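The values are calculated or read from the model by the stated rules, or taken from the named source; none is laboratory data. Please read all numbers here as calculations on a predicted model, not as lab measurements. We place every Cβ from the backbone using ideal geometry, glycine too, and count neighbours over all the protein chains shown.
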């Protein structure tokens, strides 16, 4: 742990910048009224099963540097860590493509066969205006197969009636040489607008609570530009481009990510205020290219092993393109209907070098191994009834096809075998639907009950990156079918906000990933393989969150989340389920100043199925419980300038999340722990400036 003087040096630029704003604030006579406290637990929403986050608002733990980290304040979310960045988000024990991720209405998919780059690895939260989470199969508007839920990272187009210029900037400094820079410039008039957003985030290797250094350094950057045409307040045509790249070290594997390049181009049209039955139209098209490189020498000392005797590199890439059209119909004053269609296609390729100095991967041709295509038709109705009741219902039909372009299938150190499904194409037509009833039973108190069904086509990692339990190719694995009931209450008043939700689901043909699966190997006897299996499962659980302002300046935040799953086919617990978790926060806020604390307590998890799990990870065994405490404070120098800071893991606790990747031996680092340990005591400061 760094001494106090080291933190002073770390935070000196932020303190100088903050001090500079004092005369700026005084000279303009700006006032701050009712400074909101830091977000430690997401505010319960009035809409059932929906949570909205301001990604630019200060929050604890240390401000999020990727899309997965920002979701940790929402009850029911976890992150599977493998280093300092690029963790995989988990909602209610479900990960991977069960959770849809949309960036401004567009799909994004990573390229790595071992999930180095989940979709959230390409997300810079500060670049967005809002993050919305919908839990469960309770909407059909946002793409196919979102059985666990969907996360929407969104930018809000603006209409400027007169010439306007605005800017937001932020600087974050913290332990382990953490430093982030963010700037957002916007200008416009009645004819249109321009926005340019830049992000950079970096950190060195962190140390866990026992002082062990963890291979976890990273550096990421992004540049996004938007040009919009607004002939009137109800019309917007928007062109967006994005460039980003980065590198990240991983403590759970023998290779690191030395390249995370993304190129994106999107065009979106929005028209509202239309006359007649059509209320508005929203359409977009996009193309997204991800180019990823992993190797065993760029970010670590090269250490020859039997499996990797030479410097090696792998270069997968994925090109995704598609679009959607939504039409909002105002049937009458009580009824709103959204109908639409969406389309997405993607192509996955790879190239590699087994001896980079002798024959670089850059000199090898890219080989295509998989193609996907899906088109969907959907409609979602909201009908208001008498006595403050309403019903929501929706249905969609998705037309899938995939083609297997692999000529051979790798079987580990034994080489490869001819692919038995080479050249095959499969087609599936998958329906999804939901219905939900909501009623305001008292002022501010709403009860709801929903039934949802979602069918999910197997993803790349389940079809192409694993074997079948009875063969070399998992290309014919069955689609997953989830039927789930969601129940709950929401309550909103001037002092108290509460959200209570519970769910129970049945999953037929659950796509289970199992490692160390014994297979015959001819004269060699047997070998271990990682396979995709279809099993039947059940899940149940729920979340409770509240915010209570019990005095003029005092607020308490609390949440509890629990999930429990069972693999009915094997008679085992369903793997990769998080343990019971609770959070309790207390904040004092007056005028320009706030101070608070957060206690997070997690129980032990003994319901495990070792070597079973999902495309992200498998159960490693039982895990102990833990509790960590954090402090935060903020001070507003003006309406435009705010300094916030905190200390996470205040008591320097050594602990690891149950949902974590296993440690791997990295040259120059301590022997690996069973799971990737979380950072030890971490101090941080963030300075926000707005014009």
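A single entry from 459, 369, 428 fulfils the requirement of being in contact with a helix residue (DSSP H, G or I) (Cβ under 6 Å, 6 or more places away or on another chain), surrounded by 15 or more Cβ atoms within 10 Å (Cβ to Cβ) and modelled with pLDDT of 95 or more: 459.
With respect to the conditions (1) surrounded by 13 or more Cβ atoms within 10 Å (Cβ to Cβ); (2) modelled with pLDDT under 95, residue 442 lacks only one, and its number is (1).
Here residue 421 meets each of (1) outside any strand (DSSP E or B); (2) surrounded by fewer than 17 Cβ atoms within 10 Å (Cβ to Cβ); (3) touching a strand residue (DSSP E or B) at 6+ places or on another chain (Cβ under 6 Å) with one exception, condition (2). Only a single item in (1) surrounded by fewer than 17 Cβ atoms within 10 Å (Cβ to Cβ); (2) over 23 Å from residue 116 (Cβ atoms); (3) more than 25 Å from the chain's Cα centre (by Cα) is not met by residue 665, and it is number (2). Look at (1) farther than 30 Å from residue 418 by Cα; (2) surrounded by fewer than 17 Cβ atoms within 10 Å (Cβ to Cβ) and you find that residue 471 fails only one, number (1). Which one of 634, 638 is within 30 Å of residue 165 (Cα to Cα), crowded, with 23+ Cβ neighbours inside 10 Å and more than 26 Å from the chain's Cα centre (by Cα)? So the residue among 634, 638 that is within 30 Å of residue 165 (Cα to Cα), crowded, with 23+ Cβ neighbours inside 10 Å and more than 26 Å from the chain's Cα centre (by Cα) is 634. With respect to being within 28 Å of the chain's Cα centre (by Cα) and without any contact (Cβ under 8 Å) to a residue 60 or more places away in the chain, residue 377 fits the description.
The condition of being touching a residue at least 60 places away in the same chain (Cβ under 8 Å), surrounded by fewer than 23 Cβ atoms within 10 Å (Cβ to Cβ) and not in a strand (DSSP E or B) holds for only one of 653, 607, that being 653.
Taking strands (runs of 3 or more DSSP E) that fall entirely within the stretch 33-91, which contain at least 3 residues that are more than 18 Å from residue 630 (Cβ to Cβ)?
Numbers: elements: 50-53, 77-80, 88-91.
Correct list: 50-53, 88-91.
One line per residue, one yes/no per condition, for (1) farther than 15 Å from residue 468 by Cα; (2) over 25 Å from the mean Cα position of the chain (by Cα):
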residue	(1), (2)
520	no, yes
527	no, yes
536	yes, yes
539	yes, no
544	yes, no
549	yes, yes
553	yes, yes
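All but one of (1) modelled with pLDDT of 95 or more; (2) surrounded by fewer than 17 Cβ atoms within 10 Å (Cβ to Cβ); (3) under 29 Å from residue 492 (Cα atoms) hold for residue 536; which doesn't? Answer for residue 536: the failing condition is (3). With respect to being in contact with a strand residue (DSSP E or B) (Cβ under 8 Å, 6 or more places away or on another chain), assigned to a strand (DSSP E or B) and surrounded by 22 or more Cβ atoms within 10 Å (Cβ to Cβ), residue 484 fits the description. Looking only at the stretch 669-685, filter to residues that are in a strand (DSSP E or B) and out of contact with any helix residue (DSSP H, G or I) (no Cβ under 8 Å at 6 or more places or on another chain); which one of those is farthest from residue 610 (Cα to Cα)? Ranking the qualifying residues of the stretch 669-685, first place goes to 684. Based on what the data block shows, is residue 509 more than 26 Å from residue 644 (Cβ to Cβ), out of contact with any helix residue (DSSP H, G or I) (no Cβ under 7 Å at 6 or more places or on another chain) and crowded, with 19+ Cβ neighbours inside 10 Å? When the stated conditions are applied, residue 509 passes them. From the list 306, 358, pick out the single residue that is within 30 Å of residue 670 (Cα to Cα) and surrounded by fewer than 18 Cβ atoms within 10 Å (Cβ to Cβ). Every option except 306 fails the conditions.
Restricting to the stretch 516-533, and then to whatever is within 28 Å of residue 484 (Cα to Cα) and out of contact with any helix residue (DSSP H, G or I) (no Cβ under 6 Å at 6 or more places or on another chain), can you tell me which residue is surrounded by the most Cβ atoms within 10 Å (Cβ to Cβ)?
In the first step, residues of the stretch 516-533 are kept if they are within 28 Å of residue 484 (Cα to Cα); the result is 531-533.
From what is left, the residues that are out of contact with any helix residue (DSSP H, G or I) (no Cβ under 6 Å at 6 or more places or on another chain) are 531, 533.
Working: 531: 20, 533: 22.
The residue in question is 533.
Every condition in (1) over 28 Å from residue 656 (Cβ atoms); (2) surrounded by fewer than 21 Cβ atoms within 10 Å (Cβ to Cβ) is met by residue 182 except one, and the failing one is (2). Filtering the stretch 622-650 to residues that are out of contact with any strand residue (DSSP E or B) (no Cβ under 6 Å at 6 or more places or on another chain) and either assigned to a loop (DSSP other than H, G, I, E, B) or free of Cβ contacts under 8 Å to residues at least 60 places away in the same chain (or both) leaves 622, 624, 639.
Test residue 383 against the criterion of being assigned to a loop (DSSP other than H, G, I, E, B) and in contact (Cβ under 8 Å) with a residue 40 or more places away in the chain, and give yes or no.
Values: assigned to a loop (DSSP other than H, G, I, E, B): no; in contact (Cβ under 8 Å) with a residue 40 or more places away in the chain: yes.
No: the conditions fail for residue 383.
Of all residues in the stretch 454-476, those being under 25 Å from residue 138 (Cα atoms) and part of a strand (DSSP E or B) number 3.
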